[in-house]
Every structure is written in structure tokens, then in C-alpha cells.
2 protein chains.
Amino acid sequence: MDKWKLYKGSLDTIVLQLLGQNDRMYGYEITQKVKEVTEGELEIKEGALYPALHRLEAKGLLEVEVDHVGNRMRKYYKLTEQGLREKDNALQQLEDYLSTMKKLIDPNISFG
Amino acid sequence: MDKWKLYKGSLDTIVLQLLGQNDRMYGYEITQKVKEVTEGELEIKEGALYPALHRLEAKGLLEVEVDHVGNRMRKYYKLTEQGLREKDNALQQLEDYLSTMKKLIDPNISFG
DNA sequence: TTTTTATACCTAAATTATTTAGGTATGACG
DNA sequence: CGTCATACCTAAATAATTTAGGTATAAAAA
């Protein structure tokens, strides 16, 4: 489905937001959390998520901590101070996006 | 600015919506209308718009009528019947996008 | 016990939507 | 005469995603 084409560009925002709510999370956990919270409506692909995490880390917005559960690796990510600011920024951008779309699409829509 | 990265994927929706409101419009007019309605917040690039119009036409969502004002060409686009349905569909998708983002981002946001 | 499913990480190639950066030409204004 | 607004267009580069793999451990099912 190309049903989710609107999400293009939203992944970073989602990741930053979840890490704002949960202090630290690992990649696989994020995919599951998103599926759970959205009741299966949105599925984050690993092929999109892992590169995104690496990108955000490279930009200094996330920091990593590698843990082990048994023999299995987990890479926990958390917001840096800069990431915290960027999270708020991303939220503001989402609101701006909304208000702009509203202007373009009103009066047909009820953004509730 | 990558400020508008969230708009990626929204262009078709915007075009369909404007044509739902205005019966027929030509490309340049759309760029101006968007600038006007959003008070300069969003600027549709011609390099994005014209290919999008051609794509939507190829999909059978728009039909063209070529007019002339003096010697200058205008290609007016209007929704086909299929385009009208797809317009409503796109609107629904936008609302779905919103409700999904709300689930992910609540309780921090007030989508008003 | 063997196979499958879930967990957990990853990358490369293809796809898609955009921006950037042009090009062509007419008409209006100074 | 030159510049700016109008009006169309495309090609190359950029960016974010999907698709389609790969590796390996742990748990559940057959």
C-alpha cells in the first residue's frame, strides 16, 4: 500500500517523540511500540528505522548504550540534550505542517 | 530549509484539494494560490508541480484543457470523476495520518 | 528433536518525491 | 531596452523510504 505516503519525513519525528516519552529504547522495541500504539495501523520497517537511528546518532541527537540479554545484543538509544531540543522542534514543525494544511484544505476538513 | 520535509507526499493531496475547490486551475496559478493561502509559508516548486500534474493526468485523475491568453499558453486542469473520488480518498488518508500521529505523540500535543 | 516463529541487529538496490538549477518564450512596466 | 512576472518545461542530484535480503540467538510448536 502507498497508503502511508504521507508519513514520508515523519519517521525522525516519531523516533524523537517516543524517546522523549520513554527515556531509552532499542530499535526492535520501537517497531513493536509503534505497531502497538497505532493498533497496527503503522508499521515501521527495519530497513527505514536502523538507518534513521544511525543518522540521528551521527547528528548528535541520540546516544547509544549497548546492553546484552543473554547472548543477544541490544542497542539502547536515548536523547541527547541536543536531541531533546530537536524533539521539541520537530513537534513544532508538525504543528506548523498541520496549520498550513488546514489553510489549504479548509473548509472541507474537521481537524479534530 | 528542510523545514518542509513533512510535506513530502502531500503535494498530490494539495493539488487534488485545490482542484476540488476551484473547478479548474493552471499550474502557475496553483503555485500562486498556495503561496497566497498559506501566507508564504509554503511554496510549491515548479519542478515538483509540473511532474505531479503530469503524473496525476497519466493516472486519469486530471484532465487538461489548453487555452490561450494572447499568445501565451495555459493548461487548465480539472478533476475527472476518478479524480474526485481520489480527492476524497486523499483527504481521508490525511485524517488517518493525523489520528495515527496523535496516538504516537499524545499526550504532548494539542492538535487543535 | 527438529522446525518454525519471535527477537535483534544490519545493509544494498530500487523506488519515489522532492529540490536545485537550469531552459524557452510572452507580456507588462519603467 | 532591460527587467520582472507570467507560463510552460526537463534533467540531475538529493533524500527517505520500501523491498529484499543477511546473520544469529531464544522460545514455542510440531
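Helix B:11-22 and the longest principal axis of the C-alpha atoms of chain B enclose an angle of approximately 60°.
Summed over both chains, the area buried between B and A is near 3900 Å², taken from the accessible surface of protein heavy atoms with a 1.4 Å probe. Evaluated with a Cβ-only charge set (Lys, Arg +1; Asp, Glu -1), the protein assembly as shown carries a dipole of roughly 420 debye about its Cα centre, given to the nearest 20. Given +1 at the Cβ of Lys and Arg, -1 at the Cβ of Asp and Glu and no other charges, the dipole of region B:5-104 around its Cα centre is 280 debye to the nearest 20. Modelled this way, with points 7 Å down the Cα-to-C-beta line, the labels at A:Asp106 and A:Ala48 are 3.0 nm from one another. The angle between the Cα long axis of helix A:46-58 and the longest principal axis of the Cα atoms of chain A comes to about 80 degrees, rounded to the nearest 10. Cut-off 17 Å, label point 7 angstrom out along Cα-to-Cβ of B:Gln32: give me the residues of region B:61-104 whose amide nitrogen falls inside. What the label zone holds, given the 17 Å backbone N cut-off, is B:67-77.
In terms of the Cα gyration tensor, with a ≥ b ≥ c the square roots of its eigenvalues, is the protein assembly as shown rounded because a/c is under 1.5, prolate because a/b exceeds b/c, or oblate? Verdict is prolate for the protein assembly as shown. Among the trypsin sites (Lys or Arg not before Pro) within region A:34-112, those in coil by DSSP and having at most 11 neighbouring Cβ atoms inside 10 Å are A:Lys45. Within 10 Å of the Cβ of each residue in A:88-98, the mean number of Cβ atoms contributed by other protein chains is 4. Annotation note: GluC sites (Glu not before Pro) in region B:29-112 located in DSSP loop regions with a Cβ neighbour count of at most 13 within 10 Å are B:Glu39, B:Glu43. With the cut-off at 1.5 for a/c, could you classify region A:5-99 from its C-alpha gyration tensor as rounded, prolate or oblate? Note, shape of region A:5-99 comes out oblate. Restricting the chymotrypsin sites (Phe, Trp or Tyr not before Pro) of region A:10-91 to loop positions (DSSP other than H, G, I, E, B) with no more than 10 neighbouring Cβ atoms within 10 Å leaves nothing. The angle between the Cα long axis of helix A:27-37 and the longest principal axis of the Cα atoms of chain A comes to about 40 degrees, rounded to the nearest 10. Stretched out straight at 0.36 nm per residue, the stretch from A:Arg72 to A:Ala58 would grow longer than its current Cα-Cα span by 2.6 nm. Taking Cβ atoms as reference points and 12 Å as the exclusive limit, the residues near B:Met101 contribute a net charge of -3, counting Lys and Arg as +1 and Asp and Glu as -1. Sequence-distant contacts, meaning Cα pairs under 8 Å at least 6 residues apart, place the relative contact order of region B:5-104 at 30 percent.
Label-to-label distance, A:Lys8 versus A:Glu95, with points set 7 angstrom from Cα along the beta-carbon direction: 2.8 nm.
The values are calculated or read from the model by the stated rules, or taken from the named source; none is laboratory data. Since the structure is predicted, the reported quantities are computational estimates derived from the model, not experimental observations. Counting neighbours? That spans all protein chains shown, and the Cβs are built from the backbone with ideal geometry, glycine included. The protein model used for the area step is the full one, side chains on, heavy atoms only, and it has no ligands, DNA or RNA in it. Shrake-Rupley method; radii C 1.70, N 1.55, O 1.52, S 1.80 Å.
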